[in-house]
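A.B. asks: Questions regarding the structure given below will be posed in turn.
The values are calculated or read from the model by the stated rules, or taken from the named source; none is laboratory data. Model, not experiment: these values are computed from the prediction. As a convention, Cβ positions derive from the backbone with ideal geometry for all residues, glycine included, and neighbour counts pool all protein chains shown. Heavy atoms of the whole protein, side chains included, go into the accessibility calculation; ligands, DNA and RNA do not. Shrake-Rupley method; radii C 1.70, N 1.55, O 1.52, S 1.80 Å.
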2 protein chains.
Amino acid sequence: MRVVVLRIGHRIPRDERVTTHVCLTARALGADGVIISNVRDSQLAETVNSVTKRFGGSFHVETGKSWRSTITEWKQGGGKVVHLTAYGIPLPKKVEDILRSKEDKLIVVGAEKVPGEMYSLADWNIAVTNQPISEVSALGVFLDWLFEHKRLEGEFANAKMRIIPTEHGKTVETI
Amino acid sequence: MRVVVLRIGHRIPRDERVTTHVCLTARALGADGVIISNVRDSQLAETVNSVTKRFGGSFHVETGKSWRSTITEWKQGGGKVVHLTAYGIPLPKKVEDILRSKEDKLIVVGAEKVPGEMYSLADWNIAVTNQPISEVSALGVFLDWLFEHKRLEGEFANAKMRIIPTEHGKTVETI
């Protein structure tokens, strides 16, 4: 199953940092890549790619692609679309349905305003709490559930740097 | 068990949005309050308090308190300190220890630079992946595990507005 995050509504410079948090969260918690829709942002791509180069894996970043055509193509390819929104159905009520479906997953996270159309295009509108929350933590919690709480210790291939878990301190190994 | 989040290294205006995401995540996922250390930020407190006023609960925000004395007082009161850091021990390896301890928990999340002392002051340095990640998603995933994945459907007392979970759309009820 391929898992890609679609970030919609990214604005430069306003969302630079939050979108970077979205990308790092997606990578760390096991997504295959991220698409930043409608806006080209080579600086953001560079920041995230430099993390991947150092810490490994094959996380890909694409920017500037239309969100509508991204979703249309995804569905034409047989994939499913999960939109994370506080207005949706609580994750615990839908997690079994989602885990039963073996299709590729496109996980959509918006910035402040999400086009109304998104709610009908999504196969699932899922709430990580029906409360005002951050799309960054909603994505983190969702991916953790999607991978059944088993991706917190993943190793990344081809890493040049690796953090060695330490009780009280910081240890980084250069490979 | 009381759970409070301590945000250290907050800078105005650079961290305004990310710290707001930290606060909303803490509230939505069941923490009792947040302390923003060393910097007074009444605007941030107002933003978060206005969410609580509308969506309920008794989440409290305190800003400008020294992080060192916050930790010292917390420990003197018998509470435990969990510092979330990519350098720490993976959460799955420590979650049982943490759940066994019934003491109040202070969950520390830093901005970019965390004072070295923090690593020795914490009872646990915990990694939500040993990868570069966002403190917002690290906090979200950690709180979800701390509450044993049972707080995603919590109701908040005294809410004036409530989101009604909807398959495809947005429904908000004014109470």
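A.B. asks: Looking only at the stretch B:51-62, count every residue that is open to solvent by less than 50 Å² (accessible area, probe 1.4 Å) and either in contact with a Ser or Thr (Cβ under 8 Å, 6 or more places away or on another chain) or over 14 Å from B:Leu6 (Cβ atoms) (or both) and tell me the total.
C.D. replies: Start the filter on the stretch B:51-62 by keeping residues that are open to solvent by less than 50 Å² (accessible area, probe 1.4 Å), which leaves B:51-52, B:55-57, B:59, B:61.
Still in the list and also either in contact with a Ser or Thr (Cβ under 8 Å, 6 or more places away or on another chain) or over 14 Å from B:Leu6 (Cβ atoms) (or both): B:51-52, B:55-57, B:59.
Total satisfying the criteria: 6.
A.B. asks: Right, here's the next one. Of all residues being open to solvent by 10 Å² or more (accessible area, probe 1.4 Å) and in contact (Cβ under 8 Å) with a residue 40 or more places away in the chain in the stretch B:118-137, which is nearest to A:Gly57 (Cα to Cα)? Just the residue, please.
C.D. replies: Here is the first cut: in the stretch B:118-137, the ones open to solvent by 10 Å² or more (accessible area, probe 1.4 Å) are B:119-121, B:123-124, B:130-133, B:135.
So of that shortlist, the ones also in contact (Cβ under 8 Å) with a residue 40 or more places away in the chain come out as B:121, B:123-124, B:130-133, B:135.
Numbers: B:Leu121: 33, B:Asp123: 31, B:Trp124: 28, B:Asn130: 13, B:Gln131: 11, B:Pro132: 13, B:Ile133: 14, B:Glu135: 21 Å.
Checked the stretch B:118-137; the qualifying residue nearest to A:Gly57 (Cα to Cα) is B:Gln131.
A.B. asks: OK, next. Could you please find all residues in the stretch A:35-50 being surrounded by fewer than 20 Cβ atoms within 10 Å (Cβ to Cβ) and in contact with a helix residue (DSSP H, G or I) (Cβ under 7 Å, 6 or more places away or on another chain)?
C.D. replies: If the condition is that a residue be surrounded by fewer than 20 Cβ atoms within 10 Å (Cβ to Cβ) and in contact with a helix residue (DSSP H, G or I) (Cβ under 7 Å, 6 or more places away or on another chain), then A:Asn38, A:Thr47 are the ones that fit.
A.B. asks: A further question follows. Take B:Asp104 and tell me if it is over 26 Å from A:Val22 (Cβ atoms) and not small (Gly, Ala, Ser).
C.D. replies: Values: over 26 Å from A:Val22 (Cβ atoms): yes; not small (Gly, Ala, Ser): yes.
Yes.
A.B. asks: Please verify whether the stretch A:146-158 includes one or more residues that are modelled with pLDDT of 95 or more and more than 19 Å from B:Ser137 (Cβ to Cβ).
C.D. replies: The answer is yes, given that some residue of the stretch A:146-158 is modelled with pLDDT of 95 or more and more than 19 Å from B:Ser137 (Cβ to Cβ).
A.B. asks: Among A:Val141, A:Val108, which is the only one that is more than 13 Å from chain B (Cβ to nearest Cβ) and either assigned to a strand (DSSP E or B) or under 20 Å from B:Val136 (Cα atoms) (or both)? Break it down into steps so the answer makes sense when it comes.
C.D. replies: On the way: A:Val141 fails: more than 13 Å from chain B (Cβ to nearest Cβ).
The match here is A:Val108.
A.B. asks: Would you be able to say whether some residue in the stretch A:84-97 is more than 23 Å from B:Glu155 (Cβ to Cβ) and among the aromatic types (Phe, Trp, Tyr)?
C.D. replies: No - not one qualifying residue is present in the stretch A:84-97.
A.B. asks: Within the stretch A:13-28, count every residue that is touching a Lys or Arg at 6+ places or on another chain (Cβ under 9 Å) and either open to solvent by 30 Å² or more (accessible area, probe 1.4 Å) or over 22 Å from A:Ala122 (Cα atoms) (or both).
C.D. replies: Count: 5.
A.B. asks: Looking at B:Arg14 and the list (1) away from chain A (no Cβ under 14 Å); (2) out of contact with any Phe, Trp or Tyr (no Cβ under 7 Å at 6 or more places or on another chain); (3) at pLDDT below 95, which single condition is not satisfied?
C.D. replies: Result: B:Arg14 passes all but (1).
A.B. asks: Within the stretch B:68-100, take every residue that is surrounded by fewer than 19 Cβ atoms within 10 Å (Cβ to Cβ) and of a type in the set (A, V, I, L, M) and give me the one that is nearest to the other protein chains (Cβ to nearest Cβ).
C.D. replies: B:Ile89
A.B. asks: Could you count how many residues in the stretch B:112-138 are of a type in the set (Gly, Ala, Ser) and in a loop (DSSP other than H, G, I, E, B)? Explain how you work it out, then say what you get.
C.D. replies: Kept after step one, since they are of a type in the set (Gly, Ala, Ser), are these residues of the stretch B:112-138: B:116, B:120, B:122, B:127, B:134, B:137-138.
From the residues that got through so far, the ones that are in a loop (DSSP other than H, G, I, E, B) too are B:116, B:122, B:134.
Residues flagged as of a type in the set (Gly, Ala, Ser) and in a loop (DSSP other than H, G, I, E, B) within the stretch B:112-138 amount to 3.
A.B. asks: Looking at A:Lys65, is it facing another protein chain (nearest Cβ under 10 Å), open to solvent by 30 Å² or more (accessible area, probe 1.4 Å) and without any contact (Cβ under 8 Å) to a residue 40 or more places away in the chain?
C.D. replies: Values: facing another protein chain (nearest Cβ under 10 Å): no; open to solvent by 30 Å² or more (accessible area, probe 1.4 Å): yes; without any contact (Cβ under 8 Å) to a residue 40 or more places away in the chain: yes.
Criteria not met by A:Lys65.
A.B. asks: Say whether the condition of being under 30 Å from B:Glu173 (Cβ atoms) and of a type in the set (Ser, Thr, Tyr) is met by at least one residue in the stretch B:72-81.
C.D. replies: Here is the first cut: in the stretch B:72-81, the residues under 30 Å from B:Glu173 (Cβ atoms) are none.
No, the conditions are met nowhere in the stretch B:72-81.
A.B. asks: Starting from the stretch B:150-175, keep only residues that are at the interface with chain A (Cβ under 8 Å from one of its Cβ atoms) and more than 14 Å from B:Ala28 (Cβ to Cβ), then list their pairs with residues that are open to solvent by 90 Å² or more (accessible area, probe 1.4 Å) and among the β-branched types (Val, Ile, Thr) whose Cβ atoms are within a distance under 7 Å, requiring at least 6 positions of separation or different chains.
C.D. replies: Pairs that qualify, where the first residue is at the interface with chain A (Cβ under 8 Å from one of its Cβ atoms) and more than 14 Å from B:Ala28 (Cβ to Cβ) and the partner is open to solvent by 90 Å² or more (accessible area, probe 1.4 Å) and among the β-branched types (Val, Ile, Thr): there are none.
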